[in-house]
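Taking it in order: structure first as structure tokens, then the write-up.
Only the coordinates and a few stated rules stand behind these numbers; no lab work does. Just so it is clear, the structure is predicted and the values come from calculations on it, not from any experiment. So basically every Cβ, Gly included, is an ideal-geometry build from the backbone, and we count neighbours across all protein chains shown.
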Amino acid sequence: MSVFSSARGKGSRGFRQAQGDLHLDAVTKVFGDFTAVDDLTLDVPRGSFFALLGPSGCGKTTTLRMVAGLEQPTSGRLLIGDTDLTGSRPYERPVNTVFQSYALFPHLTIRDNVSFGPKRRGEQDAVRLADEALELVQMTHLAARKPSQLSGGQQQRVAVARALVNRPEVLLLDEPLGALDLKLRRQMQVELKRIQTEVGLTFIHVTHDQEEAMTMADTVAVMNLGHIEQLGHPEVLYDLPKTSFVANFLGQSNLGNGVVTGTEGTNLVVEVAGTTVRIPKARSSVSEGPITFGVRPEKVRITETQPVGGGNDVKATVVDVSFSGVATQFLVTTPSGATWAVYEQNLDIERNHLRPGDAVWLEWNSGHAFGVPVDDAAAAAGADAADAASPTASVDAS
Ligand SMILES: Nc1ncnc2c1ncn2[C@@H]1O[C@H](COP(=O)(O)OP(=O)(O)OP(=O)(O)O)[C@@H](O)[C@H]1O
Ligand SMILES: [Mg+2]
């Protein structure tokens, strides 16, 4: 019996809910001598919205293609619940994919495009199923049109309907919003999230847009060089990155390499280029030796006078001020030459008299700092990475 014909429950409006979690168990894909996906172990809870986020070439599409059955893993297994999918054909899997290029049949109407799959399988109520799927993506009113008569966002909805009509348990979305302009993209993000909540399917959404991943997903997996660097709820990942790659790929971070010199209550004491800073032990994945200190730009305050009694401050010089409406971004350098970013909400218009060249102080709450392992690859790419204790991008003593 194929996986697809196994008995499954029904979700909202007759759409089948995923019957089990998706498991990737030590999945590896090697092309020639290149390892595109490296020993990936992953659980995607059923009915969740899971985002796979990572830079170009990190193995996102290859991972999706293995889930869809378009590519077989070199080693490892894929399962939905207890059903092993490894080795099965794409059409045997309860999985459908929406690619970036919508590939609708140009000569067929929207309704015929969507009913095409069920009709080919000989389903009697193909048109009713198609109309149900079109209603879900709010395209009922355009069902008689041809694809060329639709906008990009509308075609994208049809592509989603065409995948949903096949009643998958898992819907794979490979950068489906890539071709849309920013406004439409944001609109479609909300739409896709609504559809996912309504039908209760498992969505795996591939993107290299960190904002898209954070706004849409229950769980974000940050992928780099064929493996997952960190996985979790977007807020948790943003608040407490475990590697400098995640700290900079998911949002922006001010990082500086240093050394743990001791402890003080619940804090680690860290020397970064001659400045002493503190990191809560609970917020550091390193407890001794070389460490990379980090703090998010919006957690840093900029003042013209030295903060009193903070102990987490550093002198700096403004190099750039850019106003973006809701916020102002300051780029500042410390005496070591490191550049930090500081975001400030535009509550106090008085503040914006700061100009390049002005001397300022940066201050932050030590509870917002985090510690990650020194990333040798990142350090090697930096200018002065010879010594882990010397700054690559960092705070410095005045
Ligand atoms: N059939 C293939 N033969 C050889 N190498 C391949 C093949 N398919 C993919 N690769 C390589 O595997 C790596 C991962 O490719 P993949 O398409 O999964 O990346 P991606 O994360 O989806 O990137 P992008 O964001 O650019 O779409 C890339 O370096 C790519 O060149
Ligand atoms: Mg890709």
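Please give the FRET efficiency for D84 paired with V236, using the beta carbon to beta carbon distance and R0 = 22 Å, rounded to the nearest 0.05.
The value I calculate is 0.10.
Antiparallel versus total DSSP beta bridges in the chain: what percent is that, nearest 5?
In the chain, DSSP labels about 75 percent of beta bridges as antiparallel.
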**Q.** Residues with amide H under 5 Å from that of D358, placed H, sequence gap 5 or more
**A.** V318
Q) Relative contact order for the range 62-214: what is it in percent, counting Cα pairs under 8 Å that are at least 6 residues apart? A) 25 percent
Q) Relative to the longest principal Cα axis of the chain, at what angle does helix 182-199 sit, 0 to 90 degrees, rounded to 10? A) 60 degrees
Q: Using only Cα positions of the range 103-162, each an equal point scatterer, no hydration layer, compute I(q)/I(0) via Debye at q = 0.29 Å⁻¹ and quote the log10 values to two decimals.
A: -1.26
Q. On a 0 to 90 degree scale, rounded to 10, what angle separates helix 152-164 from the longest Cα axis of the chain?
A. 60 degrees
Q. How high is the relative contact order of the chain, given as a whole-number percent (alpha carbon pairs under 8 Å, six or more residues apart)?
A. 15 percent
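Run the helix sum for the chain: -39,500 (n - 2.57) per DSSP H stretch of 4+ residues, divided by residue count, reported at 222 nm to the nearest 500 deg cm²/dmol.
-6500 deg cm²/dmol
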(Q) If I model a spin label as a point 7 Å beyond the Cα along the Cα-Cβ vector, how far apart are those points for L70 and S322 in nm? (A) 3.5 nm
(Q) Modelling each spin label as a point 7 Å along the Cα-to-Cβ direction, I'd like the T266/D358 distance in nm, to one decimal. (A) 3.5 nm
Q.
Could you give each residue of the range 238-248 its phi-based ³J(HN,Hα) in whole Hz, using Karplus coefficients 6.51, -1.76, 1.60 with θ = phi - 60°, and x for Gly or Pro?
A. 5, 5, 9, x, 9, 9, 5, 4, 5, 4, 9
Q: Among the lysines, select those whose C-alpha is under 20 Å from the C-alpha of K299, and discard any that sit fewer than 8 residues away in the same chain.
A: K242, K281, K315
(Q) Let me make sure I get this right: for the range 180-284, a, b and c are the square roots of the gyration tensor eigenvalues over alpha carbons, sorted descending. Under 1.5 in a/c it's rounded, otherwise prolate if a/b > b/c, else oblate. Which is it? (A) prolate
Q: Could you let me know the centre-to-centre spacing of the range 71-89 and the range 284-322, using Cα atoms, in angstrom?
A: 47 Å
Q | Inter-probe distance in nm under a simple model that places probes 7 Å from Cα toward Cβ, at L108 and H141 | A | 2.5 nm
Q: Please sort by residue number the GluC sites (Glu not before Pro) in the range 245-306 whose DSSP state is loop and whose Cβ has at most 16 other Cβ atoms within 10 Å.
A: E288, E304
Q: Nearest 5 is fine: what % of DSSP beta bridges in the range 3-236 come out antiparallel, could you say?
A: 50 percent
Q. Once both axes come from the Cα atoms, what is the angle between helix 110-120 and the longest principal axis of the chain, in degrees from 0 to 90, rounded to 10?
A. 70 degrees
**Q.** Spherically averaged projected area of the chain from its Cα convex hull (nm²)
**A.** 23.3 nm²
Q: Among the trypsin sites (Lys or Arg not before Pro) in the range 60-140, which ones are in a DSSP loop with at most 16 other Cβ atoms within 10 Å of the Cβ? Mind listing them?
A: R121
